[in-house]
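Novice: Submitted below is the structure of interest, expressed as structure tokens.
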Amino acid sequence: MKNQKNIKVGYLLSYDYSYIFTSIKHIYKHADLIVISYDADGKTWAGNDIHIPKSFFDDIQKIDIQNKIVLYKDSFYLEGMQPMELETRQRNLMADKMGTGGWHIQMDGDEYAYDFGKLTKFLNRHKYLLKNPSKSSFNFHVNFVTLFKQNSEGYFVIAPFEEKCALITNNPKYEYARNTNNGRTISLDYYLIHQSWAREDNEIIEKINNWGHKNDFNTAEFFDFWKKIDSKNFKNLKDFHPIYKGLWKELSFIPAGNINEFIASFSKKYPQKDLHLDISSTKKIKLWLRSLF
């Protein structure tokens, strides 16, 4: 696979475009290709207007010192379709833009893959799995570290870090957001920090009015619940995910002045581990031999 772009990262750009700079900082060195997709008509999946200033694209160009970043503009909002349908559609269109072959990693701008080199080392070590993705599809899930709220002293974080996030595939045929329904799915012990709900009030309102989950639950009611969380009552929260019971068990608190301090602190306490492919040695050998022909 000489000269093949094996590590491909795709971003969906929308109302929270400013977060992407923190995210790209952690993955840029180890990615072979980065595609940033955004709506040509300045629309969110809910059909609301957004404005991404020219200065954003100028700043992207400044950090792209190795010419790895491709900007992909298309009509991603279609009237009559539900937000989650549009998100899934955009992910598939972006996968097409990223091209066949390689590991497809789709991220949101507020997701931070610290020590990304550990992950790409694992993927490159198993690049033989890229030979026939339609026949041997592999999907890798990682551990979400979801930041739920921020105060002046730090971040309230959903614990334990058991929520899984579909992140990587060799066969990008998305059926629901980043989730595929093909081949083998394996969980990797890798942490992906998700800033998620740790934003200002006005940003949360914008988020819940425009994201893919807009119609999945009573977002206004959940926003009122979120606003009341503070350092005095956060320990009382148990099993509070708005859709899936048992997914968000409780909140912990990690001191940090800003997101960069949080990532630095968290990465010291929870360093990324060396990753291993959890399949039998016999199966690995068969897949490797198959890749030779």
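Novice: Just for strands (runs of 3 or more DSSP E) wholly inside segment 143-184: which have at least 1 residues that are more than 19 Å from L251 (Cβ to Cβ)?
Specialist: Details: elements: 154-159, 164-169, 174-176.
Filter on segment 143-184 gives 164-169, 174-176.
Novice: Right, here's the next one. Quick one: in segment 78-108, which of the residues that are in contact with a helix residue (DSSP H, G or I) (Cβ under 7 Å, 6 or more places away or on another chain) and buried (at least 21 other Cβ atoms within 10 Å of the Cβ) is farthest from N258 (Cα to Cα)?
Specialist: Filtering segment 78-108 for residues that are in contact with a helix residue (DSSP H, G or I) (Cβ under 7 Å, 6 or more places away or on another chain) and buried (at least 21 other Cβ atoms within 10 Å of the Cβ), the one farthest from N258 (Cα to Cα) comes out as G102.
Novice: Another question, then. Give just the number: which of (1) buried (at least 19 other Cβ atoms within 10 Å of the Cβ); (2) among the β-branched types (V, I, T); (3) closer than 22 Å to H213 by Cβ does I34 not satisfy?
Specialist: For I34, the failing item is (3).
Novice: What's the number of the condition V35 fails, among (1) part of a helix (DSSP H, G or I); (2) under 14 Å from the mean Cα position of the chain (by Cα)?
Specialist: All conditions are met except number (1).
Novice: Of the residues Q90, Q150, Q61, only one is touching a strand residue (DSSP E or B) at 6+ places or on another chain (Cβ under 9 Å) and under 30 Å from L277 (Cα atoms); which? Give the steps one after another, and end with the answer.
Specialist: Numbers: Q150 fails: under 30 Å from L277 (Cα atoms); Q61 fails: under 30 Å from L277 (Cα atoms).
One residue alone meets the criteria, Q90.
Novice: Right, something else. Kindly evaluate K135 against the criterion of being of a type in the set (D, E, K, R) and in contact (Cβ under 8 Å) with a residue 40 or more places away in the chain.
Specialist: Taking the combined requirement at face value, the residue does not satisfy it.
Novice: I would also like to ask the following. Mind listing just one residue for me: the one in segment 276-293 that is hydrophobic (A, V, I, L, M, F, W, C) and modelled with pLDDT of 80 or more and, of those, farthest from Y128 (Cα to Cα)? Don't jump to the end; show me each part of the working.
Specialist: Start the filter on segment 276-293 by keeping residues that are hydrophobic (A, V, I, L, M, F, W, C), which leaves 277, 279, 285, 287-289, 292-293.
Of the ones still in play, those that are also modelled with pLDDT of 80 or more are 277, 279.
Details: L277: 12, I279: 14 Å.
So the residue we want is I279.
Novice: Counting only residues that are under 29 Å from D230 (Cα atoms), more than 18 Å from the chain's Cα centre (by Cα) and among the polar types (S, T, N, Q), how many does segment 181-208 have?
Specialist: Number of matching residues: 1.
Novice: Also: For R178, are the conditions met, namely being in contact with a helix residue (DSSP H, G or I) (Cβ under 8 Å, 6 or more places away or on another chain) and of a type outside the set (A, V, I, L, M)?
Specialist: yes
Novice: Can I ask one more? Determine whether L251 is in contact with a strand residue (DSSP E or B) (Cβ under 8 Å, 6 or more places away or on another chain) and crowded, with 17+ Cβ neighbours inside 10 Å.
Specialist: Considered against the rule, which asks whether it is in contact with a strand residue (DSSP E or B) (Cβ under 8 Å, 6 or more places away or on another chain) and crowded, with 17+ Cβ neighbours inside 10 Å, L251 comes out as yes.
Novice: If we scan segment 109-118, do we find a residue that is touching a strand residue (DSSP E or B) at 6+ places or on another chain (Cβ under 6 Å), in a strand (DSSP E or B) and either of a type outside the set (A, V, I, L, M, F, W, C) or within 26 Å of I263 (Cβ to Cβ) (or both)?
Specialist: Yes, because at least one residue in segment 109-118 is touching a strand residue (DSSP E or B) at 6+ places or on another chain (Cβ under 6 Å), in a strand (DSSP E or B) and either of a type outside the set (A, V, I, L, M, F, W, C) or within 26 Å of I263 (Cβ to Cβ) (or both).
Novice: So, one more: What residue, among those in segment 1-16 that are at pLDDT below 95 and charged (D, E, K, R), is nearest to A177 (Cα to Cα)?
Specialist: Taking the candidates together, the pick is D16.
Novice: Take the residues in segment 185-222 that are outside any helix (DSSP H, G or I) and among the acidic types (D, E), then tell me which one is nearest to M107 (Cα to Cα).
Specialist: D189
Novice: Just for segment 117-127: of the residues that are surrounded by fewer than 19 Cβ atoms within 10 Å (Cβ to Cβ) and within 16 Å of K5 (Cβ to Cβ), which one is nearest to the chain's Cα centre (by Cα)?
Specialist: N124
Novice: Of the residues in segment 40-69, how many are surrounded by 12 or more Cβ atoms within 10 Å (Cβ to Cβ), of a type outside the set (A, V, I, L, M, F, W, C) and either under 11 Å from Y17 (Cβ atoms) or in contact (Cβ under 8 Å) with a residue 40 or more places away in the chain (or both)?
Specialist: Result for segment 40-69: 4.
Novice: Right, another one. Taking the residues in segment 214-244 that are more than 23 Å from the chain's Cα centre (by Cα) and in contact (Cβ under 8 Å) with a residue 60 or more places away in the chain as candidates, determine which candidate is surrounded by the fewest Cβ atoms within 10 Å (Cβ to Cβ).
Specialist: Among those residues, the one meeting the criterion is D230.
Novice: What single numbered condition from (1) surrounded by 15 or more Cβ atoms within 10 Å (Cβ to Cβ); (2) among the aliphatic types (A, V, I, L, M); (3) within 22 Å of the chain's Cα centre (by Cα) fails to hold for L287?
Specialist: (3)
Novice: Going through segment 245-256 one residue at a time, which ones are touching a residue at least 60 places away in the same chain (Cβ under 8 Å) and more than 19 Å from the chain's Cα centre (by Cα)? Give the derivation first.
Specialist: Taking segment 245-256 first, the residues touching a residue at least 60 places away in the same chain (Cβ under 8 Å) are 247-256.
Those that are touching a residue at least 60 places away in the same chain (Cβ under 8 Å) and more than 19 Å from the chain's Cα centre (by Cα): K249, E250, L251, S252, F253, I254, P255, A256.
The values are calculated or read from the model by the stated rules, or taken from the named source; none is laboratory data. Nothing here was measured: the structure is a model prediction, and the numbers come from that model. Cβ sites come from the backbone with ideal geometry, for glycine too, and all protein chains shown count toward neighbours.
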